[in-house]
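*Asks:* Have a look at this one.
The values are calculated or read from the model by the stated rules, or taken from the named source; none is laboratory data. Just so you know, these numbers come straight off a predicted model, no measurement behind them. The protein model used for the area step is the full one, side chains on, heavy atoms only, and it has no ligands, DNA or RNA in it. Shrake-Rupley method; radii C 1.70, N 1.55, O 1.52, S 1.80 Å.
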Amino acid sequence: MKFLRDLLDKQKPLFQKGGKFENLYYLYEAGETFMFSPNHTTGIKGAQVKDAIDLKRMMITVVVALLPCLLFGIYNVGEQHYLAVGEAVGFGEKFLLGLKLVLPIVIVAYAAGGIVEAIFAVIRKHPINEGFLVTGMLVPLVVPASMPLWQVALATIFAVVIAKEVFGGTGMNILNVAMTARAFLYFAYPAQISGDQVWTYLGEKTAVDGFSGATALSVAYGAGQSGEAVTSALASHNASIGDQLYSFANMFFGFIPGSIGETSTLMCLIGALILIATGVGSWKIIVSGFAGTYIMGLIMNAFAANEFMAMPAHYHLVMGGVAFGIVFMATDPVSASQTEKGKWLYGLLIGFLTVIIRVTNPAYPEGIMLAVLLMNVFAPLIDYYVVKANKKRRLQRATV
């Protein structure tokens, strides 16, 4: 490493002020700080802050929390493929096939977003922030493995530019960047991210008789008008090739078709524990988000006007991307509510809206995407009224 350190130090004058590549200094700095700790310290005068956490450590912590979802997603892509084509293979073959499909999506997302970040860093003359470390991982996890790579690149570029850079960059965005990328794909290229045929990779092979690539949400929509009919349809769907593919246990553990990283509620909960234990993610948003989903599910059960309203409330917690969205999207420290009381309301409303969108609008069976984006917009308003109410109480105490 000393050789690399000496090489960087030798080239540094070329990128500093007056050097041949002065305009590219922040690209040089990004590479240097990625490989080595900064060699500068806080001056003698001014604020002296000693803390174990900084932006880079925070973002890397989120990436670590995402690894269980990523690794399981890679395996599940292969699992669903071989289940669909009716072949019995070992763990290694399933994982390698998933890796072959998922790794290019991850690389393309990081490359496309990284280039945009670098361009804006050069134009604005500011350091490249580490915020994209998380976005570059989240985008691949919220798309199916069959998604064309050019669409992944286009969605990532759109989200980074429109959802973040136009607002000023990392820390300034009002919308979750990765969720914006998914929304872009959903509305611009719905054929590649919705329906029954995109969630399971088949390649050149044909699915065996009786197999459908439908997600649990679309299967539930095709059931009868009672909660028992929905759970029965989920349990028996694709039963000809596997024992109860959409049983509650399978949906909890994640052995079902879906986007790469969102199928396993268990893996999402492991990620949630990492975020909460390190203080990176708000446990209040996570708990209130799940609570809001379950409470609204119970309310819908009381009306039971359609098949989704009649579905047992706890099924909403393991179907679709609810767990992934609440744990990794809703807790985004930039676009989420900032006040402590506001976090409770913010999470509850995300849960409420997710179920409301699911059960009332068949066009959007996956309600978590729109719920998170909508509450991103309302988060500042929630904080405004929480702070206003707090100021009012303090003034009242002061006048007593």
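*Asks:* What does the extension gain come out to for residue 162 and residue 387, with contour length at 0.36 nm per residue minus their alpha carbon separation?
*Replies:* On the way: separation 225, 0.36 × 225 = 81.00 nm, distance 2.90 nm.
Roughly 78.1 nm would be gained on extension.
*Asks:* Between segment 160-200 and segment 58-109, what's the alpha-carbon centroid distance in Å?
*Replies:* If we compute the Cα centre of each part, the gap is 21 Å.
*Asks:* Which percent of the accessible area of segment 85-149 is formed by carbon and sulfur heavy atoms (probe 1.4 angstrom)? Before the final figure, lay out each step's value.
*Replies:* Values: 2040 of 2730 Å².
Carbon-and-sulfur percentage of accessible area, whole number: 75.
*Asks:* Still on this structure, please answer the following. Where a Cα-Cα gap under 19 Å defines reach, which lysines qualify for residue 284, not counting those fewer than 8 residues away within the same chain?
*Replies:* Output for residue 284: 341, 343.
*Asks:* Still on this structure, I have one more. Within straight cross-link reach of residue 100, meaning Cα distance under 22 Å, which lysines are found once same-chain residues fewer than 8 apart are removed?
*Replies:* Reachable lysines: 205.
*Asks:* Follow-up. For 71, 275, 395, 24, give the ranking by accessible area with the largest first, probe 1.4 Å. Kindly include the intermediate steps, with their values, before the conclusion.
*Replies:* Details: 71 90, 275 5, 395 115, 24 70 Å².
Ranked from most to least accessible, the order is 395, 71, 24, 275.
*Asks:* Sort out for me the Cα centre separation of segment 289-310 from segment 247-278, rounded to whole Å.
*Replies:* Centre-to-centre distance over Cα atoms comes out at 21 Å.
*Asks:* Per-residue accessible area for residue 126 at 1.4 Å probe radius, Å² rounded to 10?
*Replies:* 50 Å²
*Asks:* Just the accessible area for residue 124, please: 1.4 Å probe, Å², rounded to the nearest 10?
*Replies:* 90 Å²
*Asks:* For segment 252-353, with every protein chain kept in place, what is the accessible area per residue (1.4 Å probe, Å²)?
*Replies:* Working: 3410 Å² over 102 residues.
In whole numbers, segment 252-353 has 33 Å² accessible per residue.
*Asks:* What percentage of the solvent-accessible surface of segment 328-400, computed with a 1.4 Å probe over protein heavy atoms, is contributed by carbon and sulfur atoms?
*Replies:* Here carbon and sulfur together make up 68 percent of the probe-accessible area.
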